[in-house]
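Novice: Here's a structure for you.
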Amino acid sequence: MNRRHILTLVIIGWAMTSLAQSVVSPSRRYDAFFLEAICERAKGNNDAAFDLLRRCLEIDSTKSEAYYFLAQYYGALKEKDRAIACIEKAVALEPSNSTYQETLANAYINMRQYDKAVEVLEDLYDKHKDRDDVLGVLIQLYEEQHDYEAAIKALSKLETMEGKSERLSYAKSNFYTQLGDKKAAIAEMKNLADQYPNDQNYRGLYANTLFVNGQKKKALEIYDDILRIEPENRNALMALLAYERDEGDPDKADALTERVLLSKNITSQDRVMLMRQEIGQSEQEGGDSTRILYLFRKMLEQPQMDADVAILCATYMNLKKMPNDTISGVLEQVLKVAPDNAAARLQLVSYAWQADDMPRIISLCQDARQYNPDEMAFYYYQGIAYYKEEKLDEALNAFQNGISVINQQSDPDIVSDFYAVMGDVLHQKGLDKEAFAAYDSCLQWKDDNYGCLNNYAYYLSEKEILLDKAEQMSYRAIKAEPKNATYLDTYAWILFKQKRYAEAKIYIDQTLQCDSDTSAVLLEHAGDIYYHNGDREQALSYWQQALAKASPKSEVGADDRRQILTRKIKLKKYLKE
């Protein structure tokens, strides 16, 4: 085959391909692009889907579904005008599509174009008379536009679908009131009450409407009759109380307030609301707590379904600075109803701490670990209470259990103290490596925990390790609290261990000046430091004072301490332990 024939065949092939492409209909090309767009959308490839949808409209601009999906993308891009234009076009192309209409209505509502939203939803309801949800939205929009007549008509349509109800009648009555049609407002609620003559709540709503529309005497008569039939009727009691407070006799209002607060049908929220009003009025009139406490006591004598009233009572007692034991009684009631109320339990722990009642703290925190297992504070206070009771194993157990609930949201101050006390416990148990690790954790949470810095530094000096680190930590503590005798003694002792005797003497003298009740340990330190500064007579005096103040033999290590002091005094010389 010669080259001319080959060229001819290529030209023919190209022509046939072009012809094949030209005969593919725009509809099929649109379908192919749209299907690909939906597939890319499903994969999360939104950029590709967006481009394909725009290509669809270049092929065929009469397809509503492409406009619908493009509206969503333009909305995501914050191009509100384009989004609205696309969904409007989709509705125009396919006006029977309820999804498109709802989307357009929602877009108008979001842009506060309520008149346009109403137009779309009215058209949607005309096509779907069973759509009570559409009527519900229309009623809200009519109310927003103050078109109360249209709202009433829509409510009437809902009544036809759902039947007469408190919700619909009350809404219609309110709209009639807004229109100034008192007669229609009253008639609406009367019809509801007449339809259910044995339901006193409906009669109460009728009375409310009479009251709001000026017929107060008739309304009060109905309230009285309701309470004759149902003495605990909540709505009637609350309505009468509001009337007596605003317009009635103050003595009657007080009596009715007590009756309402003690009624079994009044909710806890009602009681809290009323008591806040009573407290506010009491404070305005001088703050006499007698009546308020009386009302709280009467309420708390009743069976409690929740802790709201008791919590408010405790808060009020705190405001009035009442004794801790009095407030504690109310907080105990809170825990009986709501044992998981961490705030109430922590307040009780605080009171027990102020009373130095460690067994009480231990008990409260033990219960809290059942009801509030993730609250670190209870492990912390329980550990400290055991520590103060010299129950080191129990204290360590509490702290170790508490570590698991520490997280990034925990209070750094509490976590820091948590590890600091844990370190002290570990040290007393002879676990210095673990103690130093706990101190490191403490300082990671709060690097200026001066109590930890002091103890950590002192225990390092006792072991005569990392003395430079110990000196730096101790110095930070005395810079922060330059008159703290404990911190000054630690620093003096570290300087002594570093053989910086002259400097140590300066700080031990400051310690003695700042300490009003000098301990045996501090006096012994003073003796040792003075001895190394050449003042053996004063050293001997300090050792003798230390022996006189030394702990009783019953304490752990006390006997060894006394023996060492006795030998120092007898030999009149420093003895390295």
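Novice: Return yes when Gln513 is more than 52 Å from the chain's Cα centre (by Cα) and either surrounded by fewer than 17 Cβ atoms within 10 Å (Cβ to Cβ) or within 23 Å of Lys429 (Cα to Cα) (or both) and no when it is not. Spell out the reasoning first.
Specialist: Values: more than 52 Å from the chain's Cα centre (by Cα): no; either surrounded by fewer than 17 Cβ atoms within 10 Å (Cβ to Cβ) or within 23 Å of Lys429 (Cα to Cα) (or both): yes.
Here the answer is no, as Gln513 does not meet what is asked.
Novice: I'd like the full set of residues that are open to solvent by 80 Å² or more (accessible area, probe 1.4 Å) and assigned to a loop (DSSP other than H, G, I, E, B), limited to the stretch 277-301. Steps first, answer last, please.
Specialist: Our first condition is that a residue be open to solvent by 80 Å² or more (accessible area, probe 1.4 Å); within the stretch 277-301, this holds for 277, 281, 284-285, 288, 290, 297, 301.
Correct list: Glu285, Asp288, Glu301.
Novice: Tell me yes or no: at least one residue of the stretch 428-446 is in a helix (DSSP H, G or I), touching an Asp or Glu at 6+ places or on another chain (Cβ under 7 Å) and crowded, with 19+ Cβ neighbours inside 10 Å. It would help to see each step written out before you state the result.
Specialist: Applying the first criterion (in a helix (DSSP H, G or I)) to the stretch 428-446 yields 428, 432-445.
If we keep only those that are touching an Asp or Glu at 6+ places or on another chain (Cβ under 7 Å) as well, we get none.
Scanning the stretch 428-446, I find no residue that is in a helix (DSSP H, G or I), touching an Asp or Glu at 6+ places or on another chain (Cβ under 7 Å) and crowded, with 19+ Cβ neighbours inside 10 Å, so the answer is no.
Novice: Now for a different question. Hey, does the stretch 30-50 have a residue that's over 42 Å from the mean Cα position of the chain (by Cα), surrounded by fewer than 20 Cβ atoms within 10 Å (Cβ to Cβ), in a helix (DSSP H, G or I) and among the basic types (Lys, Arg)?
Specialist: No; the residues of the stretch 30-50 include none that is over 42 Å from the mean Cα position of the chain (by Cα), surrounded by fewer than 20 Cβ atoms within 10 Å (Cβ to Cβ), in a helix (DSSP H, G or I) and among the basic types (Lys, Arg).
Novice: So, one more: State whether the residues of the stretch 38-58 include one that is in contact with a Pro (Cβ under 8 Å, 6 or more places away or on another chain), under 25 Å from Val91 (Cα atoms) and either of a type in the set (Phe, Trp, Tyr) or at pLDDT 90 or above (or both).
Specialist: Within the stretch 38-58, none of the residues are in contact with a Pro (Cβ under 8 Å, 6 or more places away or on another chain), under 25 Å from Val91 (Cα atoms) and either of a type in the set (Phe, Trp, Tyr) or at pLDDT 90 or above (or both).
Novice: Looking at the structure I just gave you, is Lys129 closer than 30 Å to Arg203 by Cβ, in a loop (DSSP other than H, G, I, E, B), open to solvent by 30 Å² or more (accessible area, probe 1.4 Å) and without any contact (Cβ under 8 Å) to a residue 60 or more places away in the chain?
Specialist: No; evaluated as a whole, the condition is false for this residue.
Novice: Right, next: Do we have Arg228 as over 41 Å from the mean Cα position of the chain (by Cα) and either among the acidic types (Asp, Glu) or over 23 Å from Arg167 (Cα atoms) (or both) here?
Specialist: Judged against the criteria, Arg228 is a match.
Novice: Just one of Glu283, Glu301, Glu332 is of a type in the set (Asp, Glu) and under 17 Å from Asp254 (Cβ atoms); which is it?
Specialist: Glu283
Novice: Quick one: is Ser363 open to solvent by less than 70 Å² (accessible area, probe 1.4 Å), assigned to a helix (DSSP H, G or I), farther than 15 Å from Val425 by Cα and small (Gly, Ala, Ser)?
Specialist: Criteria met by Ser363.
Novice: Same structure again: Do we have any residue at all in the stretch 518-538 that's surrounded by 18 or more Cβ atoms within 10 Å (Cβ to Cβ) and more than 25 Å from Asp468 (Cα to Cα)?
Specialist: Yes; the residues of the stretch 518-538 include at least one that is surrounded by 18 or more Cβ atoms within 10 Å (Cβ to Cβ) and more than 25 Å from Asp468 (Cα to Cα).
Novice: While we're here: Residues Leu274, Leu261, Leu240: which one is open to solvent by less than 30 Å² (accessible area, probe 1.4 Å) and over 13 Å from Met299 (Cβ atoms)? Walk me through how you get there before you give the answer.
Specialist: Numbers: Leu274 fails: over 13 Å from Met299 (Cβ atoms); Leu261 fails: over 13 Å from Met299 (Cβ atoms).
Every option except Leu240 fails the conditions.
Novice: To continue, here is another question. Output the qualifying pairs, or none if there are none: Cβ atoms under 9 angstrom, residues six or more apart or on different chains, first residue in the stretch 42-71 and without any contact (Cβ under 8 Å) to a residue 60 or more places away in the chain and closer than 18 Å to Ile87 by Cβ, second residue part of a loop (DSSP other than H, G, I, E, B) and basic (Lys, Arg).
Specialist: Every condition considered, the pairs that remain are Cys56/Lys63; Leu57/Lys63.
The values are calculated or read from the model by the stated rules, or taken from the named source; none is laboratory data. Computed from a predicted structure; not experimentally measured. Positions of Cβ are generated from backbone atoms using ideal geometry, with glycine treated the same way; all protein chains shown enter the neighbour counts. Areas reflect the complete protein model, heavy atoms only, side chains present, ligands, DNA and RNA absent. Shrake-Rupley method; radii C 1.70, N 1.55, O 1.52, S 1.80 Å.
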